[in-house]
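Okay, so here's the structure we're looking at.
The values are calculated or read from the model by the stated rules, or taken from the named source; none is laboratory data. Fair warning: this is a prediction, and the values are worked out from it, not measured in the lab. Positions of Cβ are backbone-derived with ideal geometry, glycine not excepted, and every protein chain shown enters the neighbour counts.
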Ligand SMILES: Nc1ncnc2c1ncn2[C@@H]1O[C@H](COP(=O)(O)OP(=O)(O)O)[C@@H](O)[C@H]1O
Ligand SMILES: [Mg+2]
């Protein structure tokens with residue numbers, strides 16, 4: 001659906017030119033919710049804006065639906081932009097226009113007729129649950145309602161791609177939750193390929209299918225979010241994830257110098273009681289749970305269990321082998 005091929009973007013600067021995006025290549029698939037996460041200044045917005053050419057790459061190519069869009073101009077560029085909606089952290093609504101007029105204005109700029117606008121605006125307001133606010137002005141809406149208007153405006157034209165630049169960063173946690181749910185519903189109902197950039201791993205965890213982690217203009221890793229959350233490949237990613245899921249062990253346990261403490265990570269289709277009770281039944285060992293929790297990664301459960309195995313060395317080693325074969329991942333805690 002979207003393909004970045006060796007994208008670099010350099011901004012001129014008096015002293016040193018700044019490389020905001022540094023040789024980035026990856027694909028975003030049709031219909032998915034793709035997240036780009038990273039700290040402020042990582043180059044996320046700059047990269048995102050190449051998809052609708054609000055930003056042109058210094059080098060490299062961007063493809064949308066298989067076509068190279070990098071050098072589109074005039075009417076072709078206008079047509080590309082009709083396929084792509086965008087929402088922003090600060091909503092960017094026109095304060096002097098009502099909710100209805102904000103959406104109608106965007107549609108008229110996109111070349112829709114008065115009749116089409118009369119159908120499309122109520123339809124979009126219905127999707128975001130704001131039919132009763134058509135006559136309200138932005139100043140009379142809550143943050144969450146303003147972002148819903150932003151979303152209605154972005155999808156009114158029935159685009160194929162929705163770009164979201166920090167869509168929930170100005171919202172409180174509860175409103176964030178409801179806006180993310182709305183974005184997910186829209187993605188499923190309307191099949192819009194959605195790209196979300198955020199500095200919050202929690203947003204990724206909540207709704208994305210895949211994620212690219214960016215730092216210093218580069219993509220450090222890219223994978224299914226379940227894989228990234230359960231086995232982050234990069235130290236930087238671990239740091240981001242630790243804000244939402246703590247995969248590290250308490251320091252006191254790290255000091256343990258034998259191999260009998262295990263961290264077991266299992267996918268939710270394997271119940272933890274089953275792993276524990278079967279291991280204890282089959283082998284002559286005791287298993288004490290030190291810590292256990294389940295995290296939901298985009299509605300898929302991920303179990304994290306910290307256990308201490310007690311018994312004879314040979315029994316412990318057979319028990320470990322059994323656990324290893326019956327869970328997703330197992331790590332022996334050896335102080336690292
Ligand atoms: N138009 C611009 N001119 C000069 N520098 C820019 C411009 N846009 C972004 N930058 C710089 O590029 C880097 C990446 O910015 P940005 O893409 O906005 O990061 P992010 O969205 O990850 O916070 C930052 O150092 C930023 O200051
Ligand atoms: Mg940004």
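Residues in segment 99-133 that are free of Cβ contacts under 8 Å to residues at least 60 places away in the same chain and either surrounded by 18 or more Cβ atoms within 10 Å (Cβ to Cβ) or under 28 Å from the mean Cα position of the chain (by Cα) (or both): how many? Please lay out each step first, then the result.
Step one: filter segment 99-133 for residues free of Cβ contacts under 8 Å to residues at least 60 places away in the same chain, giving 99-126, 128-133.
Still in the running and either surrounded by 18 or more Cβ atoms within 10 Å (Cβ to Cβ) or under 28 Å from the mean Cα position of the chain (by Cα) (or both): 99-100, 102-104, 106-107, 112, 117, 120-121, 123-126, 128-130, 133.
Here the count works out to 19.
Is there any pair linking a residue in segment 299-321 that is closer than 23 Å to residue 202 by Cβ to one that is assigned to a helix (DSSP H, G or I), with Cβ under 6 Å and at least six apart or on different chains, and which?
Short answer, once both residue conditions are applied: 300/226; 302/230; 303/272; 305/272.
Condition check: surrounded by fewer than 17 Cβ atoms within 10 Å (Cβ to Cβ), part of a helix (DSSP H, G or I), assigned by TED's automatic domain parsing to the domain that holds residue 38 and in contact (Cβ under 8 Å) with a residue 24 or more places away in the chain. Does residue 169 satisfy that?
no
Matching residues to (1) part of a helix (DSSP H, G or I); (2) surrounded by fewer than 22 Cβ atoms within 10 Å (Cβ to Cβ); (3) free of Cβ contacts under 8 Å to residues at least 12 places away in the same chain; (4) not assigned by TED's automatic domain parsing to the domain that holds residue 186:
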| residue | (1), (2), (3), (4) |
| --- | --- |
| 214 | no, no, no, no |
| 221 | no, yes, no, no |
| 229 | yes, no, no, no |
| 236 | yes, yes, no, no |
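Any chance segment 161-168 includes a residue that's closer than 23 Å to residue 302 by Cα and at pLDDT 95 or above?
Start the filter on segment 161-168 by keeping residues that are closer than 23 Å to residue 302 by Cα, which leaves none.
Looking for residues that are closer than 23 Å to residue 302 by Cα and at pLDDT 95 or above, one finds none in segment 161-168, hence no.
So in segment 249-262, with the set limited to residues that are within 15 Å of residue 316 (Cβ to Cβ) and in contact with a strand residue (DSSP E or B) (Cβ under 8 Å, 6 or more places away or on another chain), which one is modelled with the lowest pLDDT?
Looking at the filtered set, the residue picked out is 259.
Tally up the residues in segment 33-65 that are out of contact with any helix residue (DSSP H, G or I) (no Cβ under 8 Å at 6 or more places or on another chain), within 24 Å of residue 192 (Cα to Cα) and either more than 16 Å from ligand 2 (Cβ to nearest atom) or not assigned by TED's automatic domain parsing to the domain that holds residue 212 (or both), please.
The qualifying residues number 5.
So, of the residues in segment 196-210 that are in a strand (DSSP E or B) and either within 14 Å of ligand 1 (Cβ to nearest atom) or more than 8 Å from the chain's Cα centre (by Cα) (or both), which turns out to be surrounded by the fewest Cβ atoms within 10 Å (Cβ to Cβ)?
First, pick out the residues of segment 196-210 that are in a strand (DSSP E or B): 196-198, 210.
Still in the list and also either within 14 Å of ligand 1 (Cβ to nearest atom) or more than 8 Å from the chain's Cα centre (by Cα) (or both): 196-198.
Details: 196: 28, 197: 27, 198: 24.
Checked segment 196-210; the qualifying residue surrounded by the fewest Cβ atoms within 10 Å (Cβ to Cβ) is 198.
Checking residue 165 against (1) within 24 Å of residue 1 (Cβ to Cβ); (2) away from ligand 2 (no atom under 16 Å from the Cβ); (3) touching a helix residue (DSSP H, G or I) at 6+ places or on another chain (Cβ under 7 Å), only one condition comes out false. Which one?
(2)
Check off (1) under 20 Å from residue 28 (Cβ atoms); (2) in contact with a strand residue (DSSP E or B) (Cβ under 7 Å, 6 or more places away or on another chain) for residue 82 and give me the number that stays unchecked.
It fails just one condition, (2).
Could you tell me whether residue 148 is away from ligand 1 (no atom under 16 Å from the Cβ), free of Cβ contacts under 8 Å to residues at least 40 places away in the same chain and buried (at least 21 other Cβ atoms within 10 Å of the Cβ)?
Details: away from ligand 1 (no atom under 16 Å from the Cβ): yes; free of Cβ contacts under 8 Å to residues at least 40 places away in the same chain: yes; buried (at least 21 other Cβ atoms within 10 Å of the Cβ): yes.
So residue 148 passes the test.
List the number of the failed condition for residue 216; all other conditions in (1) within 16 Å of ligand 2 (Cβ to nearest atom); (2) touching a strand residue (DSSP E or B) at 6+ places or on another chain (Cβ under 9 Å); (3) closer than 18 Å to residue 243 by Cβ hold.
Unmet for residue 216, out of (1) within 16 Å of ligand 2 (Cβ to nearest atom); (2) touching a strand residue (DSSP E or B) at 6+ places or on another chain (Cβ under 9 Å); (3) closer than 18 Å to residue 243 by Cβ: (3).
Among the residues of segment 280-326, write down those that are in contact with a helix residue (DSSP H, G or I) (Cβ under 7 Å, 6 or more places away or on another chain) and assigned to a loop (DSSP other than H, G, I, E, B).
283, 284, 298
In segment 1-83, which strands (runs of 3 or more DSSP E) lie fully inside it and hold 2 or more residues that are within 13 Å of ligand 1 (Cβ to nearest atom) and over 25 Å from the mean Cα position of the chain (by Cα)?
In segment 1-83, 2-11 are the strands (runs of 3 or more DSSP E) which contain 2 or more residues that are within 13 Å of ligand 1 (Cβ to nearest atom) and over 25 Å from the mean Cα position of the chain (by Cα).
So which of 82, 77 ends up being surrounded by fewer than 19 Cβ atoms within 10 Å (Cβ to Cβ), more than 16 Å from ligand 2 (Cβ to nearest atom), over 16 Å from residue 7 (Cα atoms) and in contact (Cβ under 8 Å) with a residue 60 or more places away in the chain?
Details: 77 fails: in contact (Cβ under 8 Å) with a residue 60 or more places away in the chain.
Being surrounded by fewer than 19 Cβ atoms within 10 Å (Cβ to Cβ), more than 16 Å from ligand 2 (Cβ to nearest atom), over 16 Å from residue 7 (Cα atoms) and in contact (Cβ under 8 Å) with a residue 60 or more places away in the chain holds for just one of 82, 77, which is 82.
I want to confirm something. Restricting to segment 172-195 and keeping residues that are surrounded by fewer than 21 Cβ atoms within 10 Å (Cβ to Cβ) and farther than 28 Å from residue 118 by Cα, which single residue is farthest from ligand 1 (Cβ to nearest atom)?
Within segment 172-195, the match that is farthest from ligand 1 (Cβ to nearest atom) is 174.
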